[in-house]
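Trainee: The following block contains the structure, expressed as structure tokens.
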Amino acid sequence: APGVTVVAAGGASLVGAGRIDASGTATEPILFLGARCDAPWAGIGIRDTGIRDADPVHRLRWCTFRRGVRNADFTRCVSPHNARLLLESCRFEDIRDNAVDGVGARIEIRDCEFEEIYEAVHTTDSEVLVSGCRFSGMIGDKDAIDFDGEGSGPCRIENCLIANGMDDGIDLGGSTCSIAGNVIMGVGDKAVSCETQGSLGQTVVSGNVIARSGTGIAVKDDAVVAGDHNTIAGCQEGFLVVSKTGTGEGGNGAFDSCIAWGNRDDVTTDALSVFVLTFSDTGGEDV
């Protein structure tokens with residue numbers, strides 16, 4: 001209920017096989033935390049309640065998750081497997097593991113905050129919407145958002161802020177995704193990384209602002225990515241469209257009405273890849 005604090009012993013977990021509904025409010029959030037800093041609690045697992053439209057939706061609203069890790073049987077702290085989950089206006093802090101990790105799931109994450117944790121959102125073979133969220137200070141070799149494989153429908157990442165991480169901002173591996181209206185800055189590796197082609201169509205990257213990162217938008221190894229109205233500035237590479245290994249299939253990128261300016265290399269590509277850039281500004285030139 002709103003305003004409740006759930007204090008868990010070290011290693012304790014919640015496992016849901018029915019339906020979980022923890023709905024706080026803006027003034028009375030629900031707090032989940034470990035009783036001791038040296039013995040974190042071990043997360044929430046949701047198992048096999050289905051992903052059809054008629055199946056239950058587990059709801060976590062206005063919740064704060066603090067000092068959590070994962071149970072040995074879970075993939076990470078909040079872990080839906082073959083289940084539907086809505087996370088809305090939640091906050092994850094001091095999580096020394098992945099915050100959300102889904103397998104074969106349908107997940108909506110809206111208006112949530114992830115601060116100074118390991119990987120924030122990772123899924124495998126899932127359909128995911130991430131909207132209006134803030135990610136800051138990912139720790140170590142961890143991405144803010146990492147999707148592997150395809151779910152029942154394409155994923156969407158929209159209107160998010162991703163700042164000051166050590167690895168990738170958004171990392172797609174064999175996933176189809178719409179990435180739109182995000183601000184990504186201060187990311188140590190790739191702001192957006194697309195590797196291998198998903199089975200549900202091409203990924204679309206549009207209307208994003210990317211600054212002061214390793215690479216702006218990377219398209220690699222058979223991935224097909226299109227987009228428009230992206231701005232990339234102050235990065236090592238603006239667009240990177242290549243074969244990761246230098247053999248086999250390269251990337252396939254087609255972008256329109258973009259700005260890649262003030263990067264060390266605004267465009268980097270290779271002979272194994274296809275890259276088309278139209279009606280755009282790069283390196284002081286119009287293309």
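Only the coordinates and a few stated rules stand behind these numbers; no lab work does. Remember, it's a predicted structure, so these values are computed and weren't measured experimentally. As a convention, Cβ positions derive from the backbone with ideal geometry for all residues, glycine included, and neighbour counts pool all protein chains shown.
Trainee: Take GLN236 and VAL6, extend 7 Å from each Cα along the Cα→Cβ direction, and tell me the distance between the two endpoints in nm.
Mentor: Going by the 7 Å Cα→Cβ label model, 4.1 nm.
Trainee: Can you work out the PRE-style zone for LEU161? Point 7 Å along Cα to Cβ, and I want the residues of the range 121-151 with backbone N under 11 Å.
Mentor: 133-136
Trainee: Under the 0.36 nm per residue contour assumption, what length would be gained going from the current alpha-carbon distance of ALA35 and ALA226 to full extension? Walk me through the intermediate numbers first.
Mentor: Values: separation 191, 0.36 × 191 = 68.76 nm, distance 4.79 nm.
Stretched fully, the ALA35-ALA226 segment lengthens by 64.0 nm.
Trainee: Order the peptides 225-231, 179-185 from the highest to the lowest mean number of other Cβ atoms within 10 Å of their residues.
Mentor: Working: 225-231: 20.4, 179-185: 22.1.
Ranked by mean Cβ neighbours within 10 Å, highest first: 179-185, 225-231.
Trainee: For a quick size check, give me the Cα extents of the range 167-207 along its three principal axes, largest first, whole Å.
Mentor: Sorted largest first, the three principal extents are 31, 20, 7 Å.
Trainee: Over the chain, what is the relative contact order in whole percent, taking alpha-carbon pairs under 8 Å and six or more residues apart?
Mentor: Details: 1016 pairs, mean separation 24.9, N = 287.
The value is 9 percent.
Trainee: What is the gain in length, in nm to one decimal, between VAL15 and GLU116 on full extension, counting 0.36 nm per residue of separation less the C-alpha to C-alpha distance?
Mentor: Numbers: separation 101, 0.36 × 101 = 36.36 nm, distance 2.54 nm.
33.8 nm is the gain from fully extending VAL15 to GLU116.
Trainee: Normalised by the number of residues in the range 1-65, what is the relative contact order in percent for Cα pairs under 8 Å and 6+ residues apart? Don't skip to the answer; put the middle values down first.
Mentor: On the way: 130 pairs, mean separation 28.1, N = 65.
Answer for the range 1-65 is 43 percent.
Trainee: Moving to a separate point now. Return the percentage of antiparallel bridges among DSSP beta bridges fully within the chain, rounded to the nearest 5 %. If you can, show how the numbers build up before the last one.
Mentor: Working: 3 of 117 bridges.
Of those bridges, close to 5 percent are antiparallel.
Trainee: Find how many whole Å separate the alpha carbon centroid of the range 75-131 from the alpha carbon centroid of the range 2-38.
Mentor: Cα centroid to Cα centroid, the span is 15 Å.
Trainee: So for the range 87-220, averaging the separation of alpha carbon pairs under 8 Å that are six or more residues apart and normalising by length, what relative contact order in percent results?
Mentor: Working: 448 pairs, mean separation 23.7, N = 134.
Over the range 87-220, the number comes to 18 percent.
Trainee: Enter the per residue convex hull volume of the range 2-105, computed from alpha-carbon coordinates, in Å³ rounded to the nearest integer.
Mentor: On the way: hull volume 9.0 nm³, N = 104.
Per-residue hull volume (Cα only) is 87 Å³.
Trainee: What are the residues whose amide H is under 5 Å from the amide H of ASP21, where those residues sit 5 or more places off or on another chain and H is modelled from the backbone?
Mentor: For ASP21, the qualifying residues are ARG59.
Trainee: In a shell of Cβ-Cβ distance under 14 Å around GLN197, excluding GLN197 itself, what net charge do Lys and Arg (+1) and Asp and Glu (-1) give?
Mentor: -4
Trainee: So how much slack lies between ARG52 and THR278, counting 0.36 nm per residue of separation and subtracting their Cα-Cα distance, in nm?
Mentor: Numbers: separation 226, 0.36 × 226 = 81.36 nm, distance 4.10 nm.
Full extension of this stretch gives 77.3 nm more.
Trainee: Between THR27, THR268, THR215, where does the largest GNM mean-square fluctuation fall for the chain, given springs only between Cα atoms within less than 10 Å?
Mentor: THR27
Trainee: Okay, next question. Rank-order 53-59, 147-153, 251-257 by packing density, defined as the average count of other C-beta atoms within 10 Å over each peptide's residues, highest first.
Mentor: Working: 53-59: 14.1, 147-153: 18.7, 251-257: 21.3.
Sorting 53-59, 147-153, 251-257 by mean packing, highest first, produces 251-257, 147-153, 53-59.
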